[in-house]
Amino acid sequence: IWQDVPLAPPDSIFKLTAAYKADTFPQKVNLGVGAYRDDDNKPWVLPVIKKATEILLNDPNLDHEYLPITGLPEFTSGAAKLILGADSPAIAEGRAVSVQTISGTGANHLGALFLSKFYHWDAPKQIYLSNPTWANHHAILRNVGIQPVDYPYYDPATIGLDFKGFIGTLQSAAPRSVFLLHACAHNPTGVDPTRDQWKEIAEVITAKNHYAFFDCAYQGFASGDLNNDAWAVRYFVEKGVPMLVCQSFAKNAGLYGERIGALHIVPPTKDAADRVRSQLSVLQRSEISNPPAHGARLVSLILNDSALFDDWNRDIKTMAERIITMRNELYRLLTEELKTPGSWVHIINQIGMFSFTGINPSQSQALIDTFHIYLTANGRISMAGLNTHNIRYFAESLDKVVRG
Ligand code: LMR
């Protein structure tokens, strides 16, 4: 038995964490996985999460009963307001369907599974993904029988957005195609469309009757402002674009291991929303029965209490600002001190957790092999892995690799 099971390669992102942990070199640096670290390279438990945990610990009514199948209601309603806006027409009209999921990955899975079963596919089931995108998107789609296809996104010549290519594919794709869009802080490139570009994207999507599948894993991380980072999603709702949004609290609440997220589907009518909700509930039941409670309770406390919400905003700013400081410092070191060949302005133009350095796979490998600096082969670095203690070492190593 199992003779025919092929050996799978390790995960491209988590294999870096394992290699970094096993490395005994004192100056080793992990720029692989997108997980926030403080200036001492330590995981950061947000002060607001410590407060919320304390509240839960002291709650005499807390039990360990099952949550409803679609999740903790106070969490899902708060999460919907956070991403869609408290004054969203979709919420007011009762047509936002929100289901608690196993973080953003679970939201992507449930959203893709729902589309796989119920979307009106004209041709083969396929979803357009930005080239490049988070590697897991491909696997998540294939698991539910949907073929991933690329749309142009990143332009290596400018280390920026290939807007022409992107719009061109939106225009040439068959009507009613599904496009996965990163709501903010694009992973892996850190390159986002401007608001004017989003408006054009929405226009073509509407004209072609396409469906927008938003993945929003970094709300607050891009600009330090939760509302600002939800702009594209809210604009699409306002324009009546058919859509869903996958939401994660892993990064913006530092709740990586709690696996807390939500899927929001916005149908055009309340009646359609009720039917969609009923089917999501059936799918969820067969897969996880009911979502886990702890992370939902923590986030729900924060979303439904204005003092805790203010604390959370402050914590998000702390993380976003530290990352922006690292961008500025890396740019300064490369351009002013080391005079590293090439233009590095993309380091400060890109936003969110990641920077796409523009180096090639063999240069990335050289950083790992020679300098013990771990990053994905595509040249993506997690800015959160840089700090005041290791940034010079990283800049100098990058400089050497670029000079060959
Ligand atoms: C990443 O891209 O590094 C993160 O989103 C972590 C993950 O799950 O891959």
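The values are calculated or read from the model by the stated rules, or taken from the named source; none is laboratory data. The structure displayed is predicted, hence computed values, not measured ones. So basically every Cβ, Gly included, is an ideal-geometry build from the backbone, and we count neighbours across all protein chains shown.
Taking the range 121-159, which residues are in contact with a strand residue (DSSP E or B) (Cβ under 8 Å, 6 or more places away or on another chain) and touching a residue at least 60 places away in the same chain (Cβ under 8 Å)?
Residues satisfying the conditions are I127, P132, W134, H137, Y154, I159.
So which residues in the range 194-242 are touching a His at 6+ places or on another chain (Cβ under 9 Å) and over 24 Å from I323 (Cβ atoms), if there are any at all?
Scanning the range 194-242 gives V204, V241, P242.
When you scan the range 277-287, do you find a residue that is surrounded by 14 or more Cβ atoms within 10 Å (Cβ to Cβ) and of a type in the set (V, I, T), even just one?
no
When the residues of the range 101-145 are narrowed to those that are more than 13 Å from the ligand (Cβ to nearest atom) and among the hydroxyl-bearing types (S, T, Y), which ends up surrounded by the most Cβ atoms within 10 Å (Cβ to Cβ)?
T101
For residues that are of a type outside the set (A, V, I, L, M) and crowded, with 18+ Cβ neighbours inside 10 Å, tally how many sit in the range 164-209.
Number of matching residues: 14.
State all residues of the range 150-163 that are of a type outside the set (S, T, Y) and crowded, with 16+ Cβ neighbours inside 10 Å; if no residue qualifies, say none.
P152, D155, I159, G160, L161, D162, F163
Output yes when any residue across the range 58-79 is within 16 Å of the ligand (Cβ to nearest atom) and more than 19 Å from I381 (Cα to Cα), and no when none is.
No, every residue in the range 58-79 fails to be within 16 Å of the ligand (Cβ to nearest atom) and more than 19 Å from I381 (Cα to Cα).
Report whether or not G261 is at pLDDT 95 or above and under 22 Å from L280 (Cα atoms).
Criteria met by G261.
For the range 273-308, which positions are hydroxyl-bearing (S, T, Y) and either touching a residue at least 40 places away in the same chain (Cβ under 8 Å) or in contact with a Lys or Arg (Cβ under 9 Å, 6 or more places away or on another chain) (or both)?
Matches in the range 273-308: S281, S289, S300.
Tell me, please, whether a residue that is away from the ligand (no atom under 16 Å from the Cβ), without any contact (Cβ under 8 Å) to a residue 24 or more places away in the chain and farther than 15 Å from Q100 by Cα can be found in the range 253-272.
yes
What single numbered condition from (1) assigned to a loop (DSSP other than H, G, I, E, B); (2) at pLDDT 95 or above; (3) within 16 Å of the ligand (Cβ to nearest atom) fails to hold for C246?
Checking C246 against (1) assigned to a loop (DSSP other than H, G, I, E, B); (2) at pLDDT 95 or above; (3) within 16 Å of the ligand (Cβ to nearest atom), the one that fails is (1).
Given the condition at pLDDT 95 or above and away from the ligand (no atom under 16 Å from the Cβ), answer yes or no: does some residue in the range 28-35 qualify?
The answer is yes; a qualifying residue exists.
Report yes if some residue within the range 188-210 is within 30 Å of N290 (Cβ to Cβ) and either within 16 Å of the ligand (Cβ to nearest atom) or in contact with a Phe, Trp or Tyr (Cβ under 8 Å, 6 or more places away or on another chain) (or both); otherwise report no.
Checking the range 188-210: not a single residue is within 30 Å of N290 (Cβ to Cβ) and either within 16 Å of the ligand (Cβ to nearest atom) or in contact with a Phe, Trp or Tyr (Cβ under 8 Å, 6 or more places away or on another chain) (or both).
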